Amino acid sequence: MNHISPVRVKLSFADYNHPQMFTFTPHSRLPGFGRTGTLETPHGVIHTPVFMPVGTNATVKSLSRQDLTAVGAQIILANNYHLFLRPGAENLRKLGGIHKFMNWPGPILTDSGGFQVQSLSREDVDLCRIKTNGVEFRSHLDGGALHFFTPELATASQINIGADIIMAFDDSTPASATRKRAKLAMDRTHRWLLACIRTWKSSRTQQALFGIIQGGDYPDLRRESAEFVISQDLPGIAIGGASVGADAAQTAENIAMVREMLPKNKPLYAMGVGVKPSDAIAVIKAGADMFDCVAPTRLARCGQLYNLDAKTEYIDISKSGFALDQHPIDASCDCSTCADYTRAYLHHLFKTRELLYYRLASIHNLRMMIKAVNSISGSE
């Protein structure tokens, strides 16, 4: 018989020694509804707008801290769902928190795992059951013991992990959700947010909690959700759900539904946005201050390398036409990969599955995404 695994959460924050500092200051206007700003955190100041590389398992795949610094990363993401399962939030607390664990001196944000408990379980209905007070799920690693994420546990787990910014546990609205399903997810997200806030406040942590606007593609639900999240007066506001992220234009529409309601002194985080460099421009113009996506590094590993002259904004380095190509991946790119290596070499590394390829390709794609952000914000 399978049993729900017990989790012992010890809330102790002296290890992190965070000063009480978390403020967002808007600065100049950018095209459309964009703006620049500064976000002060216990691990440094973030200049917005900002693209945040995704380091799901406390690592941006194949890249070192020095690589991330070189491409211009200011803040990185880790994921509560994955770290909860391995190595465990309590173990991370004992090791001094995620910054010390991965030797990253800058700010870190953890996603709550609300999206992952559902998305990693959709192929098997027995792996995930959404309930009134949380989500029951089996680990995608082995499908074994049951776990149960309540909003309280998801929040406490992130607190133990030690990120600067932690996300409320939400019911991530599925893509193309019916109005009934979107409203159910929104109402549940709101109830869970209140539980997250209680855990966050009672912990006395100096981490910042962001609430998440749901509502799918329904303007009235998005506005209702925005009103509720804004009323909680949290340090930051995110807009989420499967209708945000994959399509930059659709993301912009979802932001537009609530833009006039949003407080000017809070950062807006568009979750999961940034498949290609033009997406960065679009979401900044729509009004987002922060955004993230796994796509730059995931595409890199699949051979798709950003090139602004290409119609799709990437070239497929696996194609035989690059075997003798002595040009850099993109002539406008200032990354170390483009400075030191040719398309022919990258093609060879990819075809032979050499490990060096993944590092060089990821450096390039992340630098191109961050460079696109810097170009519109004027920080290049």
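Looking only at region 3-11, decide whether some residue is closer than 19 Å to Leu109 by Cα, more than 19 Å from the chain's Cα centre (by Cα), at pLDDT below 95 and surrounded by 13 or more Cβ atoms within 10 Å (Cβ to Cβ).
yes
To keep it simple, each residue is scored yes or no on (1) in contact with a strand residue (DSSP E or B) (Cβ under 7 Å, 6 or more places away or on another chain); (2) buried (at least 18 other Cβ atoms within 10 Å of the Cβ); (3) more than 20 Å from Phe291 (Cβ to Cβ).
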| residue | (1), (2), (3) |
| --- | --- |
| Leu308 | no, no, no |
| Ile315 | yes, yes, yes |
| Gln326 | no, no, yes |
| Ser336 | no, no, yes |
| His347 | no, yes, yes |
| Phe350 | no, yes, yes |
| Glu354 | no, no, yes |
| Ser362 | no, yes, no |
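Could we say that Ala280 is surrounded by fewer than 23 Cβ atoms within 10 Å (Cβ to Cβ) and aliphatic (A, V, I, L, M) here?
no
Take region 94-119 and flag every residue that is in a helix (DSSP H, G or I) and touching an Asp or Glu at 6+ places or on another chain (Cβ under 7 Å).
Listed by number, the list holds a single entry, Gly114.
Quick check: anything in region 138-146 among the aliphatic types (A, V, I, L, M), within 22 Å of Ile237 (Cβ to Cβ) and touching a residue at least 60 places away in the same chain (Cβ under 8 Å)?
Checking region 138-146: not a single residue is among the aliphatic types (A, V, I, L, M), within 22 Å of Ile237 (Cβ to Cβ) and touching a residue at least 60 places away in the same chain (Cβ under 8 Å).
Considering region 243-268 alone, what residues qualify as being within 14 Å of the chain's Cα centre (by Cα) and within 20 Å of Thr297 (Cα to Cα)?
Within region 243-268, Val244, Gly245, Ala246 meet the criteria.
Please go through region 42-68 and pick out each residue that is part of a strand (DSSP E or B), within 18 Å of Asn80 (Cβ to Cβ) and not hydrophobic (A, V, I, L, M, F, W, C).
Pro53
Under 7 Å between Cβ atoms, which residue pairs at least 6 apart in sequence (or on different chains) link something in region 303-326 that is in contact (Cβ under 8 Å) with a residue 24 or more places away in the chain and closer than 22 Å to Thr352 by Cβ with a partner that is β-branched (Val, Ile, Thr) and not in a loop (DSSP other than H, G, I, E, B)?
Within 7 Å, the pairs are Leu305/Ile315.
The values are calculated or read from the model by the stated rules, or taken from the named source; none is laboratory data. Predicted model only: the values in this text are computed from it and were never measured. Quick reminder, even Gly has a Cβ in these numbers, built from the backbone with ideal geometry, and neighbours come from all protein chains shown.
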